[in-house]
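Each remark here refers to the structure printed beneath this line.
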Amino acid sequence: MSAETHTTNPSAVTVIGLGPMGRALAAAFLAAGVTTTVWNRTPGRDRELVAAGAVSAASPEEAVAASDLIVVCVVDYDAADFVLRRPEVTAALKGRTVVNLSADVPARAREAGEWAAGHGVRYLDGAIMVPTTVVGTPHGVFLYSGPKDLYEEHKPVLDTLSGEQTHLGEDIGRAAAFDIALLDIWWTSVTGYMHALAIARAEGISGRELEPFAQGIGKILPPAFTEGAAAFDDGEHVATINPMTSAASTMAHIIHASEAHGIDASLMRAAEGMTRRAIGLGYGGDDPSRLAELLGRGR
């Protein structure tokens with residue numbers, strides 16, 4: 001039977017890539033009663049899934065042939081291409097749908113979409129915005145981009161991953177763009193917190209002592225996100241609380257305290273440098289949302 005006339009189970013799914021996230025995805029599909037075929041380049045990672053009812057494919061082309069919907073979750077697009085662009089796998093993919101949940105940059109997602117279209121492969125890009133422990137629970141967050149009708153067609157199976165499922169638009173790169181922007185917030189925040197813990201310890205403050213007050217800082221962020229987004233979109237960078245001159249002064253204190261203890265302050269020096277450049281351009285009285293505008297101009 002050719003790929004164009006395949007008649008696989010419409011409620012079936014193949015998961016390619018069985019790292020921690022891939023295993024979590026496959027387990028969630030299985031728990032929801034979806035017929036699930038799995039394949040991983042390194043053998044042996046499918047034992048628990050097979051015990052739970054998954055079908056282990058001997059090759060990626062066999063895995064692809066088992067389902068109309070193929071979910072790929074590997075480390076990046078280089079790894080995805082290594083599997084999907086083998087001639088025998090590409091041939092088996094023709095007429096089927098790939099949902100690529102691997103992480104990479106928007107340009108790679110768009111290139112993958114072009115490749116898929118050129119080989120008769122239906123394609124959606126996606127991003128998983130939660131850790132493995134949340135997949136399959138009501139707290140999951142999954143983002144998708146690409147043809148809306150294709151997303152709607154496979155939504156019943158994708159919905160079995162539970163949580164919040166959002167289609168972001170037809171541009172295939174939008175899910176990756178959201179992913180990059182949101183991970184920027186996450187890693188900037190986490191590294192900032194690690195830096196704060198280092199300063200606290202140098203001053204004789206334990207992490208557990210600092211943590212309740214850090215939670216308090218965290219509670220201030222949601223309204224700051226809302227106000228900053230509106231200011232950026234509207235181009236109205238009026239400082240309602242702290243202008244950038246005040247922010248730069250605070251940053252200088254953090255740098256001084258860090259370096260007095262021999263703690264690397266390069267992260268805060270970068271933030272202070274951006275802020276002082278904005279001040280030098282005459283924006284000292286503005287809200288920090290002005291920085292996003294200047295960064296977008298390459299200033």
### Query
Among the candidates 278, 270, which residue alone is of a type outside the set (Lys, Arg) and surrounded by fewer than 18 Cβ atoms within 10 Å (Cβ to Cβ)?
270
### Query
Pick from 15, 50, 71, 64: which is within 21 Å of residue 112 (Cβ to Cβ), in contact with a strand residue (DSSP E or B) (Cβ under 8 Å, 6 or more places away or on another chain) and either in a helix (DSSP H, G or I) or not assigned by TED's automatic domain parsing to the domain that holds residue 137 (or both)?
64
### Summary
For residue 179, the lone unmet condition from (1) within 27 Å of residue 115 (Cβ to Cβ); (2) in the same structural domain as residue 135 (by TED's automatic domain parsing); (3) in contact (Cβ under 8 Å) with a residue 60 or more places away in the chain is (2)
### Query
Looking at residue 30, is it among the hydrophobic types (A, V, I, L, M, F, W, C), out of contact with any Phe, Trp or Tyr (no Cβ under 9 Å at 6 or more places or on another chain), assigned to a helix (DSSP H, G or I) and surrounded by fewer than 23 Cβ atoms within 10 Å (Cβ to Cβ)?
yes
### Query
For the stretch 130-162, what are the residues that are crowded, with 19+ Cβ neighbours inside 10 Å and in a loop (DSSP other than H, G, I, E, B)?
135, 136, 140, 146
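Yes/no matrix, rows are residues, columns are (1) assigned by TED's automatic domain parsing to the domain that holds residue 30; (2) among the aliphatic types (A, V, I, L, M); (3) more than 22 Å from residue 185 (Cβ to Cβ); (4) in contact (Cβ under 8 Å) with a residue 12 or more places away in the chain:
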| site | (1), (2), (3), (4) |
| --- | --- |
| 83 | yes, yes, yes, yes |
| 90 | yes, no, yes, yes |
| 120 | yes, no, yes, yes |
| 134 | yes, yes, no, yes |
### Query
Where residues in the stretch 151-181 are over 22 Å from residue 76 (Cβ atoms) and in contact with a Phe, Trp or Tyr (Cβ under 8 Å, 6 or more places away or on another chain), which of them is modelled with the lowest pLDDT?
163
### Query
charged (D, E, K, R), part of a helix (DSSP H, G or I) and in contact (Cβ under 8 Å) with a residue 12 or more places away in the chain, is that true of residue 170?
no
### Message
Take the conditions part of a helix (DSSP H, G or I), touching a residue at least 60 places away in the same chain (Cβ under 8 Å) and touching a Pro at 6+ places or on another chain (Cβ under 9 Å) and apply them to residue 198. Does it pass?
### Response
no
## Note on the structure
Expected output for the stretch 237-254 (first residue in the same structural domain as residue 292 (by TED's automatic domain parsing) and closer than 15 Å to residue 272 by Cα, partner in a helix (DSSP H, G or I) and of a type in the set (S, T, N, Q), Cβ below 9 Å, 6+ apart or cross-chain) is 242/250; 244/275; 245/275; 247/275; 248/275; 251/275
### Task
Scan the stretch 277-296 residue by residue and report those that are within 31 Å of the chain's Cα centre (by Cα) and over 24 Å from residue 226 (Cβ atoms).
277
### Summary
Taking the stretch 255-276 and keeping only residues that are touching a residue at least 12 places away in the same chain (Cβ under 8 Å) and closer than 21 Å to residue 225 by Cα, one is left with 267, 268, 271, 272, 274, 275
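The values are calculated or read from the model by the stated rules, or taken from the named source; none is laboratory data. Keep in mind that this is a model prediction, so the values were computed, not measured. Positions of Cβ are backbone-derived with ideal geometry, glycine not excepted, and every protein chain shown enters the neighbour counts.
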